[in-house]
Amino acid sequence: MKNKIKWGILSTGHISKKFADALAILPDAELAAVASRDLETAQKFAEKFKVPKAYGTYEELAGDPDIDVIYIGTPHTFHLENSMICMRKGKAVLCEKAFTINAAEAREMVRVAREENVFLMEAMITRHVPLIKKVLGWIKEGRIGEVRMVRASRCARGVFPPGARQMNPELGGGSLLDVGVYVISFASMIYQKSPVETVGVSHIGDWGSDEQGIAVLKYGNGEIADLSFALSTAAVNEAYIFGTEGYLKIEDVFAVPTKASLVINKAVAEVLEEPIIGNALNYEAEEVMRCLRAGLKESPLMPLDESVQIMEIMDNLRKPWGLVYSNDKKE
Ligand SMILES: NC(=O)c1ccc[n+]([C@@H]2O[C@H](COP(=O)([O-])OP(=O)(O)OC[C@H]3O[C@@H](n4cnc5c(N)ncnc54)[C@H](OP(=O)(O)O)[C@@H]3O)[C@@H](O)[C@H]2O)c1
């Protein structure tokens, strides 16, 4: 593959701007084009981030023969549709979390990636930061013995303008898909298997979407995960991994994780500190480029079948809550 990998960014919202900043610090990445639903918006983005090409439709970006890989930063409800137009034009895709709205959509997205033989990955940032890779190394070395419980919380008290994506059910808003996906994906990363039992509660608030929830997952060998997620509560953003011999605590785990403590016999035995370079989205972009150069069609750090499994867990959780999205009705 040529020296620089040419990226396109599809949509110009909050996370797309952060992704443009992330690409700017990677010497082998070139942000070559951006697309918005509105040409003027794309042009403003292009001017701000020094992008040579701006398109007023997503289709034009998908059809640009110079682009190698497209980052999708639209609301979850559009991830399937937007990824499909890119993959059908032979483009590799990095698609934001939540991967899709439901497991049926995720299965379809993966099916098309395999049919078109293109790279596809869910942008689950936690898996790519250096601290988390080292924590996984500690677990593999048996530093906490056998893992028996995971407790993770991704909560924040957001202040959103009316109709904002995060709370708008029409855009897949709500805590489960927006932040619950992080803690569910975290448990999946630790246990590397699907749960055999899934229970949870949530509160559907005035927004019409879920403001907060708790999920408890049980795995085949009796391992358990206790997971909290909220968009309306000033609770913590941290994770514990409890083993038979001790535990690990990771602070600020779903934002900028830089510190993990190993606790043995109730005392801190070792502290792991790893700085974050850039805004951390650069790590997932680097993984995409590593895979593309190696000719891989998916990343071993975020396998496609696991992204589907995570959507299945969220489907199972929300069924008893009566939480239905408009995309569910398209099935
Ligand atoms: N990895 C992370 O840390 C992280 C953080 C935040 C969000 N995310 C994920 O990124 C995605 C986007 O989140 P965001 O906070 O960046 O959202 P946002 O600021 O609302 O931006 C979304 C963009 O999507 C495009 N879009 C297309 N159809 C739309 C529609 N009907 N309504 C609204 N926007 C539409 C718009 O771009 P154009 O107008 O240019 O077409 C819009 O600017 C979500 O899936 C979210 O879960 C990830």
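The values are calculated or read from the model by the stated rules, or taken from the named source; none is laboratory data. Predicted model, so just to flag it, every value in this text is computed and none were measured. So basically every Cβ, Gly included, is an ideal-geometry build from the backbone, and we count neighbours across all protein chains shown. Ligands, DNA and RNA are stripped out before the accessible areas are found, and what is left, the full protein with its side chains, is counted by its heavy atoms. Shrake-Rupley method; radii C 1.70, N 1.55, O 1.52, S 1.80 Å.
Name the pairs: first residue in the range 9-37 and on the phi > 0 side of the Ramachandran plot, second residue open to solvent by less than 30 Å² (accessible area, probe 1.4 Å), Cβ to Cβ under 8 Å, at least 6 apart or on different chains?
Every condition considered, the pairs that remain are Ser11/Ala35; Ser11/Ser36; Ser11/Ile72; Ser11/Gly73; Ser11/Thr74; Ser11/Asn82.
So if I check each of Thr244, Thr233, which one is at pLDDT 95 or above and more than 16 Å from the ligand (Cβ to nearest atom)? Walk me through it before giving the result.
Working: Thr233 fails: at pLDDT 95 or above.
Selected residue: Thr244, the only one of Thr244, Thr233 that is at pLDDT 95 or above and more than 16 Å from the ligand (Cβ to nearest atom).
Among Ala260, Ala280, Ala239, which is the only one that is at positive phi, open to solvent by less than 20 Å² (accessible area, probe 1.4 Å) and of a type outside the set (D, E, K, R)?
Values: Ala260 fails: at positive phi; Ala239 fails: at positive phi.
Every option except Ala280 fails the conditions.
Does the range 93-110 include one or more residues that are more than 20 Å from Gln309 (Cβ to Cβ) and either crowded, with 20+ Cβ neighbours inside 10 Å or within 16 Å of the chain's Cα centre (by Cα) (or both)?
Taking the range 93-110 as the starting set, the residues that turn out to be more than 20 Å from Gln309 (Cβ to Cβ) are none.
No, there is no match, as no residue in the range 93-110 is more than 20 Å from Gln309 (Cβ to Cβ) and either crowded, with 20+ Cβ neighbours inside 10 Å or within 16 Å of the chain's Cα centre (by Cα) (or both).
Does at least one position in the range 248-263 carry a residue that is farther than 17 Å from Arg127 by Cβ and either among the hydrophobic types (A, V, I, L, M, F, W, C) or part of a helix (DSSP H, G or I) (or both)?
Keep residues of the range 248-263 that are farther than 17 Å from Arg127 by Cβ, which gives 249, 251, 259, 261-263.
Those left that are additionally either among the hydrophobic types (A, V, I, L, M, F, W, C) or part of a helix (DSSP H, G or I) (or both): 262-263.
Scanning the range 248-263, I find at least one residue that is farther than 17 Å from Arg127 by Cβ and either among the hydrophobic types (A, V, I, L, M, F, W, C) or part of a helix (DSSP H, G or I) (or both), so the answer is yes.
Restricting to the range 25-55, and then to whatever is in a loop (DSSP other than H, G, I, E, B) and either more than 12 Å from the ligand (Cβ to nearest atom) or within 21 Å of Gly278 (Cβ to Cβ) (or both), can you tell me which residue is most open to solvent (accessible area, probe 1.4 Å)?
If we filter the range 25-55 for residues that are in a loop (DSSP other than H, G, I, E, B), which is where we start, we get 25-28, 36-38, 50-52.
Subset that is either more than 12 Å from the ligand (Cβ to nearest atom) or within 21 Å of Gly278 (Cβ to Cβ) (or both): 25-28, 50-52.
Numbers: Ile25: 83, Leu26: 11, Pro27: 106, Asp28: 53, Lys50: 170, Val51: 12, Pro52: 95 Å².
Step by step, filter the range 25-55, then rank; the result is Lys50.
Filtering the range 1-24 down to residues that are part of a helix (DSSP H, G or I) and of a type in the set (D, E, K, R), which residue is farthest from the chain's Cα centre (by Cα)?
So, considering only residues that are part of a helix (DSSP H, G or I) and of a type in the set (D, E, K, R), the one farthest from the chain's Cα centre (by Cα) is Asp21.
Collect the residues in the range 148-204 that are closer than 18 Å to Ala235 by Cα, at pLDDT 95 or above and surrounded by fewer than 20 Cβ atoms within 10 Å (Cβ to Cβ), keeping them in residue-number order.
Passing the criteria: Arg151, Val201, His203.
Cβ-Cβ distance below 6 Å, separation of 6 or more or different chains: which pairs start in the range 306-331 with a residue that is outside the structural domain of Leu120 (by TED's automatic domain parsing) and touching a residue at least 12 places away in the same chain (Cβ under 8 Å) and end on one that is part of a helix (DSSP H, G or I) and basic (Lys, Arg)?
Val308/Arg107
Just for the range 56-77: of the residues that are without any contact (Cβ under 8 Å) to a residue 24 or more places away in the chain and either of a type in the set (S, T, N, Q) or closer than 30 Å to Gly174 by Cα (or both), which one is least open to solvent (accessible area, probe 1.4 Å)?
At the first step, the residues of the range 56-77 found to be without any contact (Cβ under 8 Å) to a residue 24 or more places away in the chain are 56-57, 65.
Narrowing further to those that are either of a type in the set (S, T, N, Q) or closer than 30 Å to Gly174 by Cα (or both): 56-57.
Values: Gly56: 16, Thr57: 51 Å².
Among those that are without any contact (Cβ under 8 Å) to a residue 24 or more places away in the chain and either of a type in the set (S, T, N, Q) or closer than 30 Å to Gly174 by Cα (or both), it is Gly56.
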